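The values are calculated or read from the model by the stated rules, or taken from the named source; none is laboratory data. Predicted model only: the values in this text are computed from it and were never measured. Cβ coordinates were reconstructed from backbone atoms using ideal geometry, including for glycine residues, and neighbour counts include every protein chain displayed. Quick note on the areas: whole protein, heavy atoms, side chains included, nothing else; ligands and nucleic acids left out. Shrake-Rupley method; radii C 1.70, N 1.55, O 1.52, S 1.80 Å.
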Amino acid sequence: MYNFLVLNGPNLGHIGKRQPEIYGSDTLEDLPEILKNMMGDNASEISLDYFQANSEGAIIDRLEQAREKKVDGIAFNAGAYTHTSLAIADSLAWIKIPCVEVHISNVMARTEDPIRQQSLIGKQCIGVIAGFGILSYALAVQALYQRLKQK
Ligand code: DQA
């Protein structure tokens, strides 16, 4: 059994309502069902915890807790902290849990805001999935599962 954490940063608690033209109409509550469907027969091999916080400190506390609980992998949408938070990058650097950077939107295509093309946390992640709407989370969990299974 693999224990994964789906972690969301600021302004992600209200996707579905927040700028649906960018982030779509699915909500975080839709995620467990989407994940279960994507994992298919392997769904019973994973357990998922979900956490969303708007503040940097709460996210870092949850990352430290994940280390203590020996979580196997993290699908992490840090929201705007992706682009700004050295503190979160520092946390990922020492807790050493495989982490996939997740974005609902295709941040590389959002050229109106060039800062979105920069990630401070990316260096501490095993990969990035962006641009697939709510499916980005499910793809990240699938990627973590496949990676750990190969080991
Ligand atoms: C986001 C992209 C970020 O640039 C933005 O600040 C978010 C959401 C995404 O999922 O597309 O809050 O991480």
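Annotation note: of 22, 59, the sole residue that is open to solvent by less than 70 Å² (accessible area, probe 1.4 Å), within 24 Å of residue 110 (Cα to Cα) and part of a helix (DSSP H, G or I) is 22. Kindly indicate whether any position in region 115-126 is of a type in the set (Gly, Ala, Ser), on the phi < 0 side of the Ramachandran plot and surrounded by fewer than 18 Cβ atoms within 10 Å (Cβ to Cβ). Scanning region 115-126 turns up at least one residue that is of a type in the set (Gly, Ala, Ser), on the phi < 0 side of the Ramachandran plot and surrounded by fewer than 18 Cβ atoms within 10 Å (Cβ to Cβ).
Of all residues in region 83-112, those that are open to solvent by 20 Å² or more (accessible area, probe 1.4 Å) have Cβ atoms under 7 Å from Cβ atoms of residues that are not hydrophobic (A, V, I, L, M, F, W, C), 6 or more apart or on another chain, in 87/56; 93/124; 98/73; 98/147; 106/131; 108/117; 110/116. Can you name the residue in region 62-82 that is within 16 Å of the ligand (Cβ to nearest atom) and open to solvent by less than 10 Å² (accessible area, probe 1.4 Å) and, of all such residues, is nearest to residue 130 (Cα to Cα)? Applying the filter and picking the extreme gives 77.
Residue pairs whose Cβ atoms lie under 9 Å apart, separated by 6 or more positions or on different chains, with the first residue in region 137-149 and without any contact (Cβ under 8 Å) to a residue 60 or more places away in the chain and the second buried (at least 20 other Cβ atoms within 10 Å of the Cβ), are 143/73; 143/75; 143/100; 143/129.
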